[in-house]
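Everything on this sheet refers to the single structure shown next.
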Amino acid sequence: MANCPRCDAAVKDEQVFCTKCGARLAGTAPAPPDVSKSGRPAGTAAPVSKSRGWILPVFAGVVVLALALVFGVRLFGNRSVTILTASPATTDIHGANATGDAAVVAERLRISGVGRSSVKAAGGKLLISVRGKADRKMIWGLVGERGQFDLRLVADEERAHDALKAIDAATRQPGTFLGYVTTCGGDFAVTVKDYPKLGTAYEQAGAAVRGEYSLMAGHPEVYESRDVMRLYVVRTEPELVPAPVKEARAERYQGSAVGLDGFWSVNLQLARTDAPKFAQVTGRNIGRRIAMVLDGVVLSAPVVQTRIPDGNAMIMVADRQAAERLAAILRSGPTSIQWSLE
């Protein structure tokens, strides 16, 4: 026990101040901090060097940018933009209008519900940017089709047979061409495997068989366990080359026609200026077949049952994706040339 040097009051050894007069007691100064070998008080962290704190964030930014360049994706916050490039699919680009085609492709993407996208023409190519993940296969289908749609009269069976024989006779080896021809549900056809050979023979026949009528094929289909393509002898001059259609809707087929269960239909309404022309074409060809042709491929060739005055038509398609793609292409109209994704 000790006494306060000022008031002589009794104080405890552990007291720092006198509880009576408040004087600081001698011998109670705080102990100096324990200094480590580093010269810092024990238990304290080393200060962060301000001169090197920027290195890690900058390095991370460089890595992200490099990955974006490698994968063709630009990053904006939590969103990404996929960049695709389309080039002319042919060396003959006479009459090409890249700016106009960019607008057509942009409309196809919009109709098909492809996110926030844009299409620009630059350096003779189309630059397609799509916000988010892009379905390359779907976009390829929308870009790769030129979209030239027309209606052509289909030759009757007798005339078609005569045309096929004329083609065969004009080839280098008569009999070869007809050897590839088979049948598919009342139509002439060729197997998918033999189609390239048949095409080569047709090219050999040349202009000798190309006059009033031409040979066209449909899309591949399965018939009696075979992969085939229907063959159509169609009038070379189209009956009608319509403008972009006023409306085209893809819907599941609700009819009762045999063999069309599970199919989809594209219901068309032609433009106002084309409806009267379509009425004339159907009116003078009742009982005959009219081929609906897209880029030289026959989509459908129905028999005209009656005159159609309102410009409405229907095209049967095997699946939903193909139907929706066709609807978008018909609504947007054709491009000046054919394009292909790089």
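Structural remarks
- Using the Cβ-Cβ distance between R226 and R116 with R0 = 41 Å, the FRET efficiency computed as 1/(1 + (r/R0)^6) comes to roughly 0.40.
- Once both labels are positioned 7 Å from their Cα atoms along Cα-to-Cβ, the gap between D295 and I83 label points is 2.6 nm.
- What the phi angles of segment 94-102 give under the Karplus curve with 6.51, -1.76 and 1.60, with θ = phi - 60°, is a coupling list of 4, x, 5, 10, 5, 5, x, 5, 4 Hz, glycine and proline written as x.
- Normalised contact order of segment 149-333, rounded percent, pairs of Cα under 8 Å and 6 or more residues apart: 25
- Over segment 84-239, relative contact order from alpha-carbon pairs under 8 Å, at least 6 apart, %: 20
- Where chymotrypsin sites (Phe, Trp or Tyr not before Pro) fall in DSSP loop in segment 108-190, at most 11 other Cβ within 10 Å: none
- For V228, neighbours were defined as the other residues whose beta-carbon sits under 12 Å from its Cβ, and their charges (Lys and Arg +1, Asp and Glu -1) total -2.
- Projecting label points 7 angstrom from Cα along Cα→Cβ for T176 and C7 puts them 12.7 nm apart.
- Ordered by the count of other Cβ atoms within 10 Å of each Cβ, fewest first, L126, L294, L151 give L294, L151, L126.
- Here the simple spin-label model places points 7 Å from the Cα toward Cβ, and for H161 and R320 these points are separated by 4.4 nm.
- The trypsin sites (Lys or Arg not before Pro) of segment 167-249 that DSSP puts in a loop, and whose beta carbon has at most 10 other beta carbons within 10 Å, are R172.
- Full extension of the chain between V192 and L260 gives 22.3 nm of extra length, using 0.36 nm per residue less the Cα-Cα distance.
- Shape call, segment 88-155: gyration tensor on alpha carbons, a/c limit 1.5: oblate
Taken together, the values in this text are just the output of simple stated rules run on the coordinates, not laboratory data. These figures come from a predicted structure and were not determined experimentally. Heads up, the Cβs are rebuilt from the backbone with ideal geometry, glycines too, and the neighbour counts pull from every protein chain shown.
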